[in-house]
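S.K.: Let me begin by handing over the structure; questions about it come next.
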């Protein structure tokens, strides 16, 4: 166990691709991990951690989650807002219910989780919030408007929170992943937000659009999240958006 063993992080969307990788990166650095997801974790969660199966899109469920969190720890050193819902369909075909579900999962949940986590983050004396936004917050594609809007809102919220919480030594940053090989990405491709070929052909098509020539791995995003959360590495960063996309947004679309 290393010197970070007394630190605690709360990670939402902990059972998904990026969330699961983030759980193991923090645990590997000796942090105690609290994970939350609407789905079961599926395999052994870190033995000194706490996994809560619940839906953060439900405000009452969030209140119950934080009652359990407060029973587990008196402070949080980091909050990673990672949970997300993606609807991949044209805006004109998106229902009000679908739009609201995306906003409740991707944006409202961060607003409420942050409010509930604030006393625990402040109690740590020095802490961090990492909001998992997306490259869709700055450059997007067809048939994913609700998701893009929610991630753009999350980026703006990140800047606002960084200003409000600076006096409490709570840093707030966002990470903007590009194409990462997760179940969410594959489901979006399968529903046709990138057209043509089978799932492997679509993944190859995405890979060719990055400077690195490949799709990202969840653990690569997880390590970047850890960098933003760990005050010994990113102590002078707050209110920032860190893009991790294999160089996809660096290249002109007309090239």
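S.K.: Got a sec? Which of 139, 86 is surrounded by 21 or more Cβ atoms within 10 Å (Cβ to Cβ) and modelled with pLDDT under 95?
M.R.: Values: 139 fails: surrounded by 21 or more Cβ atoms within 10 Å (Cβ to Cβ).
Of 139, 86, the one residue that is surrounded by 21 or more Cβ atoms within 10 Å (Cβ to Cβ) and modelled with pLDDT under 95 is 86.
S.K.: What residue, among those in segment 38-60 that are surrounded by fewer than 15 Cβ atoms within 10 Å (Cβ to Cβ) and assigned to a loop (DSSP other than H, G, I, E, B), is nearest to the chain's Cα centre (by Cα)?
M.R.: Top of the filtered list is 39.
S.K.: Any idea which of (1) under 13 Å from residue 150 (Cβ atoms); (2) free of Cβ contacts under 8 Å to residues at least 40 places away in the same chain is the one residue 86 doesn't satisfy?
M.R.: Exception for residue 86: condition (2).
S.K.: Here's a follow-up. Is it the case that some residue within segment 30-40 is under 20 Å from residue 6 (Cβ atoms) and modelled with pLDDT under 95?
M.R.: no
S.K.: Ok, one more. Being in a helix (DSSP H, G or I), modelled with pLDDT under 70 and surrounded by 14 or more Cβ atoms within 10 Å (Cβ to Cβ) is the filter here, so list the residues in segment 205-233 that pass it.
M.R.: Taking segment 205-233 and keeping what is in a helix (DSSP H, G or I), we get 205-208, 218-229, 231-233.
Pick out the ones that are also modelled with pLDDT under 70 and you get 205-208.
Hits for segment 205-233 are 205, 206, 207.
S.K.: Considering segment 15-37 alone, what residues qualify as being more than 16 Å from residue 180 (Cα to Cα), touching a residue at least 40 places away in the same chain (Cβ under 8 Å) and assigned to a loop (DSSP other than H, G, I, E, B)?
M.R.: Of everything in segment 15-37, those that are more than 16 Å from residue 180 (Cα to Cα), touching a residue at least 40 places away in the same chain (Cβ under 8 Å) and assigned to a loop (DSSP other than H, G, I, E, B) turn out to be 29, 31.
S.K.: With segment 78-189 as the region, which helices (runs of 4 or more DSSP H) entirely inside it contain at least 1 residues that are in contact with a strand residue (DSSP E or B) (Cβ under 7 Å, 6 or more places away or on another chain) and under 23 Å from residue 10 (Cα atoms)?
M.R.: Where helices (runs of 4 or more DSSP H) fall fully within segment 78-189 and carry at least 1 residues being in contact with a strand residue (DSSP E or B) (Cβ under 7 Å, 6 or more places away or on another chain) and under 23 Å from residue 10 (Cα atoms), they are 109-123, 145-165.
S.K.: In this structure, is residue 78 touching a residue at least 60 places away in the same chain (Cβ under 8 Å) and surrounded by 20 or more Cβ atoms within 10 Å (Cβ to Cβ)?
M.R.: In short, yes.
S.K.: Please give the number of the condition residue 63 fails out of (1) in a helix (DSSP H, G or I); (2) surrounded by 16 or more Cβ atoms within 10 Å (Cβ to Cβ).
M.R.: Tallying (1) in a helix (DSSP H, G or I); (2) surrounded by 16 or more Cβ atoms within 10 Å (Cβ to Cβ), residue 63 fails exactly one: (2).
The values are calculated or read from the model by the stated rules, or taken from the named source; none is laboratory data. This is a predicted model, so every value here is computed, not measured. All Cβ positions, even for glycine, are placed from backbone atoms using ideal geometry, and neighbour counts span all protein chains on display.
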